[in-house]
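The values are calculated or read from the model by the stated rules, or taken from the named source; none is laboratory data. Just so you know, these numbers come straight off a predicted model, no measurement behind them. Cβ placement follows ideal geometry from the backbone for every residue including glycine, while neighbour counts extend to all protein chains displayed. In case anyone asks, the SASA skips ligands and DNA or RNA and just uses the protein heavy atoms, side chains included. Shrake-Rupley method; radii C 1.70, N 1.55, O 1.52, S 1.80 Å.
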Amino acid sequence: MDKKKLNHLALIVDGNGRWAKEKGKKRSFGHKAGFDRLEEIILYAKEKKIEFLSLYVFSTENFKRSTEEVCYLMDLFVHNFKRLIKKYEKENIKVIFSGRKEPLEDRVWNAMEEIKEKTKNNTGMVVNFCLNYGSHAEIVDATKKICQKVIHHEISIEDIKEDYFEQNLYQNLPPVDLLIRTSGECRLSNFLLWQLAYAEFYFPKTYFPDFTKTEFDKAIDYYYTRDRRFGGITYEDKNY
Ligand code: FPP
C-alpha cells in the first residue's frame, strides 16, 4: 500500500452549537446544519476516493448534555439512518458503527442495525459512525474480550500481539492517516487513540456547518504536504 495515500480519514464534527449561538439560534439548529453538511462531506469524501471515513458524531461523554439536546440528536440519528439506507445502497457505501450499546435506546440501536445490515454487502467507501463511542472504553472492551479468550484457553498470552489487539477493537480498520477536528479545538477528546498513533492532524478554525468542500480540499492538500516517516527517516542524513 502507498504509505502516503489518504486511505482512512477521521473527522471530529465540532462547533455546531457555537455556530448556532453566533446566529442567535438554538443548539439543535446547529446540529441540523451540521448533519446537512456531513451528508455532503460524506459523498465528497467518496468522490475523493477515500476508502474509510470515521466520524465522531456522539461520544459516551455527550450523554452528560441536557436531555433536550441528547433527545434531539437521537431523533436526528434515527430519522437519518432510516432515510440514508436507499441513498447508500445506490452510492455503494457501507455503514458500520463503533461504540457501546448501553445506554442507547432500542429505537436508536435498531436504526443503526438496520442501516448496517442493509449496506453490509456494499463494496465502496466504508463510513464508520462512532456513536456512543469513547476510546478508553474501546480499549477496555477489547482487553476484556481478549481476557475471556485466554480464560477459555482459546489463545495464550503469547498470541496477544499488536495485530491481534487491533482485531479485537470495535472495528478492525486500517490506521487513520489524517484527523480533522473543526471549530479550532486542538484536542482528541477520547477519539480513536489507538488508531491515531501515526495520523497527521488538521485543526481548522471553521465550525462544522461551514466546513465546505473547499475547506475539505484544504485539509487534503495539507495532508499531501506532510512527510510521513513512521519513526524512520526519508532523507539521507550525512551526520551518521
Ligand atoms: C460536537 O460539537 C458535536 C456533536 C456532539 C454532534 C454532532 C452530530 C451531528 C452533526 C449529527 C450527525 C447525524 C447523523 C445522522 C450521523 P457541538 O455541536 O456540541 O459544538 P459546540 O462545541 O460548539 O457546542
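Remarks
- For the chain, the solvent-accessible area of protein heavy atoms averages 55 Å² per residue (probe radius 1.4 Å; ligands and nucleic acids excluded).
- Segment Glu22-Ile139, length gained on full extension (0.36 nm per residue, minus Cα span): 38.4 nm
- Cross-link pairs Lys4/Lys145; Lys48/Lys149; Lys48/Lys87 - those with Cα-Cα distance over 29 Å: Lys4/Lys145; Lys48/Lys149
- Scanning the chain for long hydrophobic helices, with DSSP H runs required to stretch 15 angstrom or more by C-alpha along their axis and to average at least 0.0 on the Kyte-Doolittle scale, returns 135-151.
- For the chain, built as a Gaussian network whose Cα springs stay under 10 Å, the top-fluctuating residue of Gly24, Gly99, Gly15: Gly24
- Extending 7 Å from the Cα toward the beta-carbon at both Asn110 and Glu61 defines two label points whose distance is 3.3 nm.
- For the chain, the spread of Cα coordinates along the three principal axes comes to 59, 52, 36 Å, biggest extent given first.
- Three principal axis extents describe the C-alpha atoms of the range 24-97; from largest down they are 37, 27, 20 Å.
- Straightening the chain between Thr123 and Lys4 buys 40.6 nm, computed as 0.36 nm per residue apart minus the Cα-Cα spacing.
- A straight Cα-to-Cα reach below 25 Å connects Lys23 with the lysines Lys32, Lys64, Lys205, Lys213, residues fewer than 8 places away in its own chain not being considered.
- Once divided by 2.2 N^0.38 Å, the Cα radius of gyration of the range 1-141 becomes 1.06.
- Here the simple spin-label model places points 7 Å from the Cα toward Cβ, and for Lys218 and Glu47 these points are separated by 1.8 nm.
- Accessible carbon and sulfur surface of the range 23-182 relative to its total accessible area, %, 1.4 Å: 53
- Here Thr123 sits with roughly 120 square angstrom of accessible surface, probe radius 1.4 Å.
- Coarse-grained scattering of the range 100-157 at q = 0.15, 0.28, 0.31 Å⁻¹, given as base-10 log I(q)/I(0) from a Debye sum over alpha-carbon atoms: -0.68, -1.05, -1.15
- Residue with peak Gaussian network fluctuation, the chain [Cα springs, cutoff 10 Å], from Ser183, Ser156, Ser59: Ser156
- Centroid-to-centroid separation of the range 200-218 and the range 143-162 [C-alpha atoms, Å]: 41
- Cα-based equivalent ellipsoid of the range 1-62: semi-axis lengths in Å, sorted from largest, via gyration tensor: 28, 13, 9
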